[in-house]
Amino acid sequence: MHNYKELKVWNKAVDLATDVYSLTKLFPSDERFGLISQMQRSAVSISSNIAEGAGRGTASQFAHFLAVAYGSCFELATQLTIAKNLNFTDKDNFQMIDDKISEVQKMIYRLKETVDSKV
């Protein structure tokens, strides 16, 4: 349906996931199977669902996977807030990642609206 690699939102989501991996390297090692794993999985889920949806045959399927990616953004934002509350990250890193999450959320929302109009 779409070449996902040409979608700006997919590229931004991949960059976000990369940043989340870099950030979580700074977390305590005992969080490896907790918050680190959850944040990494949520971050990877965003770009993965955009790609999977783009590869589906219909606009409604694409819209569904965009909705899942959108939900993963909110999941990641929640986990990031928990990490900040636990002092696993400083204000600057928190704000940088939080801003990127917000940007990706807005892009997914707009793309989903466009795709929904074709259903």
Worksheet entry | Search result, residues across segment 68-84 that are in contact (Cβ under 8 Å) with a residue 40 or more places away in the chain and not polar (S, T, N, Q) | A69, Y70, L76, L80, I82, A83
Worksheet item: Is there any pair linking a residue in segment 6-33 that is more than 14 Å from S45 (Cβ to Cβ) and touching a residue at least 12 places away in the same chain (Cβ under 8 Å) to one that is of a type outside the set (A, V, I, L, M) and part of a loop (DSSP other than H, G, I, E, B), with Cβ under 6 Å and at least six apart or on different chains, and which?
Response: F27/F88
Worksheet item: From the list L66, L76, which residue is in contact with a Gly (Cβ under 6 Å, 6 or more places away or on another chain) and within 22 Å of D15 (Cβ to Cβ)?
Response: L66
Worksheet, complete the sentence: Restricted to segment 22-31 and to residues being exposed (fewer than 14 other Cβ atoms within 10 Å of the Cβ) and of a type outside the set (A, V, I, L, M, F, W, C), the residue nearest to A69 (Cα to Cα) is S22
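Listed here are the residues, each with its yes/no results for (1) in contact with a Leu (Cβ under 8 Å, 6 or more places away or on another chain); (2) buried (at least 17 other Cβ atoms within 10 Å of the Cβ); (3) of a type in the set (S, T, Y); (4) under 22 Å from S102 (Cα atoms).
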residue	(1), (2), (3), (4)
K5	no, no, no, yes
D19	no, no, no, yes
F33	no, no, no, no
I36	no, yes, no, yes
R41	no, no, no, yes
V44	no, yes, no, yes
S60	no, no, yes, no
Response to the item:
In the set I101, I50, the lone residue that is part of a helix (DSSP H, G or I) and more than 13 Å from V20 (Cα to Cα) is I50
Discussion item. Given the criteria crowded, with 17+ Cβ neighbours inside 10 Å and of a type in the set (F, W, Y), does Y109 qualify?
Written reply: no
Practice prompt. Say whether the condition of being loosely packed, with under 12 Cβ neighbours inside 10 Å, of a type in the set (D, E), in a helix (DSSP H, G or I) and modelled with pLDDT of 95 or more is met by at least one residue in segment 72-91.
Written response: no
Practice prompt. Working only within segment 7-29, note down all residues that are over 14 Å from L76 (Cα atoms), part of a helix (DSSP H, G or I), over 14 Å from the mean Cα position of the chain (by Cα) and modelled with pLDDT of 95 or more.
Written response: S22
Worksheet item: Taking interchain pairs and intrachain pairs at least six residues apart, which have beta carbon atoms under 8 angstrom, with the first residue in segment 97-115 and in contact (Cβ under 8 Å) with a residue 60 or more places away in the chain and more than 17 Å from T81 (Cβ to Cβ) and the second assigned to a helix (DSSP H, G or I) and of a type in the set (F, W, Y)?
Response: I108/Y70
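The values are calculated or read from the model by the stated rules, or taken from the named source; none is laboratory data. Quick caveat, the model's predicted, so the values are computed rather than measured. Quick reminder, even Gly has a Cβ in these numbers, built from the backbone with ideal geometry, and neighbours come from all protein chains shown.
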